[in-house]
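I have placed the structure first, in the form of structure tokens, so that the comments after it can refer back to it.
The values are calculated or read from the model by the stated rules, or taken from the named source; none is laboratory data. Since the structure is predicted, the reported quantities are computational estimates derived from the model, not experimental observations. Counting neighbours? That spans all protein chains shown, and the Cβs are built from the backbone with ideal geometry, glycine included. Surface areas here come from the heavy atoms of the whole protein model, side chains and all, with no ligands, DNA or RNA. Shrake-Rupley method; radii C 1.70, N 1.55, O 1.52, S 1.80 Å.
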Amino acid sequence: MLVAGPLKRMLSPLVNPQVFDFWASHLSPTLSWERPLAKVLARRVEARDTVTLVLRPNRHVGGFAPGQHVSVTVSVNGVRLTRSYSPSWLGRRRMAITVKKMPGGKVSEWLTECCDEGDVLEIGPAFGDMTQPSLERPWLLVAAGSGITPMMSLLRAAATLERPLPPIALLYWARTRADLCFGRELDQLAARLPSLTVQRLLTRESVLLPEEHSGRPDETLLRALVPDLAAQQAYVCGPAGFVATVRTLLEGAVATCQAEAFSLPDVSVVEGQPVQVTLARSGRVLSVPAGAPLLAALEARGERPAHGCRMGICNTCVCGKLAGTTGDLLGGGLSQEPMGAMKLCVSTARTDITLDL
Amino acid sequence: MTTAVSRRPLSADEVTRFGAEIDALRERTLADIGDADARYIRRIHAAVRYTEILGRGLLFFGLFPPAWLLGTLLLGVSKILENMELGHNVMHGQYDWMNDPRFDGKTYEWDIVGTSDNWRKTHNFKHHTYTNIKGMDDDVGYGLLRLFPEQRWRPFFLGQPLYAVIFALLFQWGVAIQDLRLGAYFAGRMSAAELRAQFRPVGRKMRRQLLKDYVFFPLIAGPFFLPVLLGNLVANGLRNLWTFMIIFCGHFTANAEVFPKSVLENETRGQWYLRQLRGSSNLRGGRLFHILSGNLSHQIEHHLFPDIPARRYAAMSQEVRAICERYGIYYNTGSLWSQFGQVVWRILRYALPSKPVSMEGRRLVVNE
């Protein structure tokens, strides 16, 4: 890298990171003073509407454990948007994310359809607790749809371990065969790892191949596929409804159960109904009426955010929104994205929200 | 200075409909904002960087007069672009929707001696909320000049043609001290301790800017210290004159109006729009002129829509003008020279005493 270690510390009072990045990006698109960036080296179609992107991260991209998520930021129609994906390491300084196009999903649509070799993505810090299970007990990995991606990361990492592996059962649900990802790679893994069994379950396929199963998760099916259920460490990942079902079935029946669902946009609440505003910096949680101007509502609860014109022009009351759905009193639109700047005086909370205050 | 311009107050109903039409234009434009606007501001940002490095580079060969001249001009253009189309517009939050920290209105720090934080207060809040309201918008004469007959004359104003020239040459310094309320200090309404506390961030920024342009860059030029220092001085001076001209032409032309505080009582959105319109004036010119003025040549549209990307103003101005025609509202526009002539006339005329003009009862709206 251009500037590293002690030299960087020495230079830092003199350098404006943004000016540095502007000129550095002329040399290499991922060269940056401090931003974690990754260049897309390759893209391949993994399944229907699903693409795997092979990335070369710069040195500011932090580590992650298999099974964790990272936030990926891209610019779609001029707006920087962030979503979480489960990355895998593919050897040194190569990582992969697999993205399925979600209906109406701006980021997944951009990543699957527009993103190409040479593009640069920003990669945030890793989070998530579904990291490698203990090697002392059998693993039960239950995935549906894109829920396969953290499982894949765990399996790829497991395949590189020097130690003997416990029995691993992967139950992988998809609608049809065309929606299944990592077909050949999973077969190869199963051939290399004698302890791994892969069960594919299809809910909308009319004709099944010999090794495929059908049906939605229920107790009979689970007991049939996994004989010694009680001994398992179970990991579940998939859409919220699927995860809730499987979790109910497994909890109590297995030794341990960890689950993660893709969060779906929350539904707007009724006008005037109380919603919770969490102020991230002060740690306060306040209840305000949904649909009320946030600045006035916060002031009524004793907060004193910076403000100016109270009519949406002067930008004094802008603050970041970290989570939740807000409404715009001037334009009338809803926003479900985390945003860096939102005017409190002309915005309303439509769900529980978190503000950078 | 009264002209044949119609100052007919609109009926309450007309103002409501007028406001709704302006709101609809705002909505239509916002719905269309996206990639093209993001690309534009990134290009402006790149243009600032390229002109700066070229200008500073050429100044290192400043002993050769054409290099000095071109270097100085390029650095001046870079500073003007950074000040107007980039800094000013970004700080209005025009590009906040991009979620890009480089173009974040709340944190952007520009390349002038004034701090961005002070500017966000004096300009974004005070000037844009209380546009041309005497006693509330500090930009009306900047506490230094008498530009409207509604301002009370004092013998001090006899010297204002001279103050105006000094102010124009040192404009960024005027902006830097605008929020310090030196007037209050000299009148004994603010303690020295309070002033010192307020001055601390301002002084830090001033020192930083002075070191950059008059110590750091001249020093790294070694034997060419002097031409680099002079080039930087002239580039800063050019920007001062240019921004002074554009800003004064935006609000102090012959037909720009000033308002009493009473207009704020129960002011509706439509009334607010109407006040912005009647207090602002546009400049005609080509595309490059609009970019170099930060699109403040579309001062009317900037005041109606301060948070919409300024590159949209040119198209919006067509529609605003058509709306104004429908309601018989005067749309103040002219060439730079004619508008600047009117500004100069105001500076000279109101240096001298004039019949006091009362704003009592001045209204934008009549209730039927």
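For every residue, the table says whether it meets (1) surrounded by 12 or more Cβ atoms within 10 Å (Cβ to Cβ); (2) among the aromatic types (Phe, Trp, Tyr).
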site: A:200; (1), (2): yes, no
site: A:204; (1), (2): no, no
site: A:217; (1), (2): yes, no
site: A:220; (1), (2): no, no
site: A:223; (1), (2): yes, no
site: A:231; (1), (2): yes, no
site: A:235; (1), (2): yes, yes
site: A:239; (1), (2): yes, no
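Per the listing B:330, B:313, the residue uniquely touching a residue at least 60 places away in the same chain (Cβ under 8 Å) and of a type in the set (Ser, Thr, Tyr) is B:330. Within region B:158-203, the residues that satisfy the criterion of being of a type outside the set (S, T, N, Q) and not in a helix (DSSP H, G or I) are B:170, B:181, B:187, B:188, B:189, B:190.
Which residues, counting only those in region B:98-126, are assigned to a loop (DSSP other than H, G, I, E, B) and more than 22 Å from residue A:312 (Cβ to Cβ)?
Across region B:98-126, the qualifying residues are B:109, B:110, B:111, B:112, B:113, B:114, B:115.
Picking from residues in region B:118-149 that are within 12 Å of chain A (Cβ to nearest Cβ) and polar (S, T, N, Q), the one that is nearest to residue B:275 (Cα to Cα) is B:131.
Only strands (runs of 3 or more DSSP E) whose full extent lies in region A:20-118 are considered here, and the ones with at least 1 residues that are within 14 Å of chain B (Cβ to nearest Cβ) and either surrounded by fewer than 19 Cβ atoms within 10 Å (Cβ to Cβ) or not basic (Lys, Arg) (or both) are A:37-47, A:69-76, A:79-85. Just name the residue that is surrounded by the most Cβ atoms within 10 Å (Cβ to Cβ) out of those in region B:241-258 that are assigned to a loop (DSSP other than H, G, I, E, B) and among the polar types (S, T, N, Q). Among residues in region B:241-258 that are assigned to a loop (DSSP other than H, G, I, E, B) and among the polar types (S, T, N, Q), the one surrounded by the most Cβ atoms within 10 Å (Cβ to Cβ) is B:253. Residue B:36 falls short of the stated requirement of being closer than 30 Å to residue A:106 by Cα, in a helix (DSSP H, G or I), of a type in the set (Gly, Ala, Ser) and more than 26 Å from the chain's Cα centre (by Cα). On the stretch given as region B:135-150, residues that are within 20 Å of residue B:344 (Cβ to Cβ) and in a loop (DSSP other than H, G, I, E, B) total 9. A search for C-beta distances below 7 Å between a residue of region A:333-357 that is at the interface with chain B (Cβ under 10 Å from one of its Cβ atoms) and any residue that is in a loop (DSSP other than H, G, I, E, B) and among the basic types (Lys, Arg), counting only pairs 6+ apart in sequence or on different chains, returns A:341/B:106.
Looking for something farther than 30 Å from residue A:176 by Cα, within 12 Å of chain B (Cβ to nearest Cβ) and either outside any helix (DSSP H, G or I) or open to solvent by less than 30 Å² (accessible area, probe 1.4 Å) (or both) - is there at least one such residue anywhere in region A:1-10? No; the residues of region A:1-10 include none that is farther than 30 Å from residue A:176 by Cα, within 12 Å of chain B (Cβ to nearest Cβ) and either outside any helix (DSSP H, G or I) or open to solvent by less than 30 Å² (accessible area, probe 1.4 Å) (or both).
Within the bounds of region B:18-36, is there any residue that is under 29 Å from residue B:210 (Cβ atoms) and open to solvent by 10 Å² or more (accessible area, probe 1.4 Å)?
Looking through region B:18-36, none of the residues is under 29 Å from residue B:210 (Cβ atoms) and open to solvent by 10 Å² or more (accessible area, probe 1.4 Å).
Could you say whether any residue in region A:302-318 is out of contact with any Asp or Glu (no Cβ under 7 Å at 6 or more places or on another chain), touching a residue at least 40 places away in the same chain (Cβ under 8 Å), open to solvent by less than 10 Å² (accessible area, probe 1.4 Å) and away from every other protein chain (no Cβ under 14 Å)? No, the conditions are met nowhere in region A:302-318.
Among the candidates A:277, A:288, A:269, A:254, the residue that is buried (at least 16 other Cβ atoms within 10 Å of the Cβ), in contact (Cβ under 8 Å) with a residue 12 or more places away in the chain, more than 14 Å from chain B (Cβ to nearest Cβ) and within 30 Å of residue A:101 (Cβ to Cβ) is uniquely A:269.
Residues that are under 18 Å from residue A:52 (Cβ atoms) and modelled with pLDDT of 95 or more: find the helices (runs of 4 or more DSSP H) completely inside region A:139-235 holding 1 or more of those.
Counting at least 1 such residues, we get A:148-159, A:183-192.
Does any residue of region B:348-362 turn out to be part of a helix (DSSP H, G or I) and open to solvent by 30 Å² or more (accessible area, probe 1.4 Å)? Yes, because at least one residue in region B:348-362 is part of a helix (DSSP H, G or I) and open to solvent by 30 Å² or more (accessible area, probe 1.4 Å). Candidates are the residues of region B:92-107 that are at the interface with chain A (Cβ under 7 Å from one of its Cβ atoms) and touching a His at 6+ places or on another chain (Cβ under 9 Å); the one that is surrounded by the most Cβ atoms within 10 Å (Cβ to Cβ) is B:92.
Would it be correct to say that residue B:120 is closer than 23 Å to residue A:320 by Cα and open to solvent by 60 Å² or more (accessible area, probe 1.4 Å)? Considered against the rule, which asks whether it is closer than 23 Å to residue A:320 by Cα and open to solvent by 60 Å² or more (accessible area, probe 1.4 Å), residue B:120 comes out as no.
Return a yes/no flag: does region B:59-77 have any residue that is without any contact (Cβ under 8 Å) to a residue 60 or more places away in the chain, within 13 Å of chain A (Cβ to nearest Cβ) and more than 30 Å from residue B:254 (Cβ to Cβ). Scanning region B:59-77 turns up no residue that is without any contact (Cβ under 8 Å) to a residue 60 or more places away in the chain, within 13 Å of chain A (Cβ to nearest Cβ) and more than 30 Å from residue B:254 (Cβ to Cβ). Does residue B:26 satisfy being within 8 Å of chain A (Cβ to nearest Cβ) and assigned to a helix (DSSP H, G or I)? Taking the combined requirement at face value, the residue satisfies it.
For region B:248-287, a residue qualifies if it is without any contact (Cβ under 8 Å) to a residue 24 or more places away in the chain and either within 22 Å of residue B:343 (Cβ to Cβ) or among the β-branched types (Val, Ile, Thr) (or both), and exactly one does: B:286. Taken over region A:323-339, the criterion of being not in a loop (DSSP other than H, G, I, E, B) and not β-branched (Val, Ile, Thr) is satisfied by A:323, A:327, A:328, A:334, A:335, A:339. Note on region B:231-240: among residues that are open to solvent by 30 Å² or more (accessible area, probe 1.4 Å) and touching a residue at least 24 places away in the same chain (Cβ under 8 Å), the one that is farthest from residue B:305 (Cα to Cα) is B:234.
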